[in-house]
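No lab work stands behind these numbers, since they all come straight from the coordinates. Here the structure is a predicted model, which means the values were calculated and not measured. Backbone-built Cβ (ideal geometry, glycine too); neighbour counts: all protein chains shown.
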Amino acid sequence: MGKAARTTTDRHPPSILHLVKQVQYKAYVRLESVLNPLGVTAVQFRILTTLSTRPNMSSAELSRLYDVKPQTMIKQIALLESKGLIDRRVSSANKRLLELSLTAAGKDALKKLQKDTRALEAELLTPLDGDELEILRGYLTRLLDSLSAPNGNHGADIEEFTPEYSRPGVQRP
């Protein structure tokens, strides 16, 4: 049967995973365009946000949190430090540990970035009304909770991590 002869009943609805990935990708591209004027990438924005709520983390802790190699995190930290957005200092508890914190410029930049990203989120969600937003938020929260739930044998794969660190490839709480 040729393409012209196909009816809509022959077609499958688009995959939800495909739709989610497409929305995520397009939103990410728009996010990068919002962050770019301040010279910050989406990854760096996440690091700044994390340090704003969890100051004095080490680069190793951030690496584990974001499930990246320590060398990858060190590069991002060096970039943020060269921009004057974060500072490293020796830990008072462990002299071999460097703790990270936002500088005053980092706090100011983060406030601006958060304002701009909230505006972007509002813009991206304009096709949905208030009730639809709450329904979507509920569905996404339920899915996230389900995907975050302990899995019978997943914790055994990574014995050295506590359960909250056993989910590969995602930012951990």
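Side notes on the structure shown:
- Share of Cα-Cα pairs in segment 37-106 lying beyond 21 Å, as whole percent: 15
- Extension gain from Ala119 to Thr41, taking 0.36 nm per residue of separation minus the Cα-Cα distance: 26.4 nm
- Three-way shape label, segment 42-159, alpha-carbon gyration tensor, a/c 1.5: oblate
- Site pair Tyr28 and Thr49 shows an inter-label distance of 1.4 nm when each label is modelled 7 Å from Cα along Cα→Cβ.
- Zone residues, segment 17-48, relative to Lys112, backbone N less than 14 Å from point 7 Å out along Cα-to-Cβ: 34-41
- When each of Lys21/Lys112; Lys26/Lys83; Lys26/Lys112; Lys83/Lys112; Lys69/Lys107; Lys83/Lys111 is checked by Cα-Cα distance, pairs over 24 Å: Lys21/Lys112; Lys26/Lys83; Lys69/Lys107
- Net lengthening on full extension, Leu147/Leu98 (0.36 nm per residue, minus Cα-Cα): 14.3 nm
- Three-way shape label, segment 78-147, alpha-carbon gyration tensor, a/c 1.5: oblate
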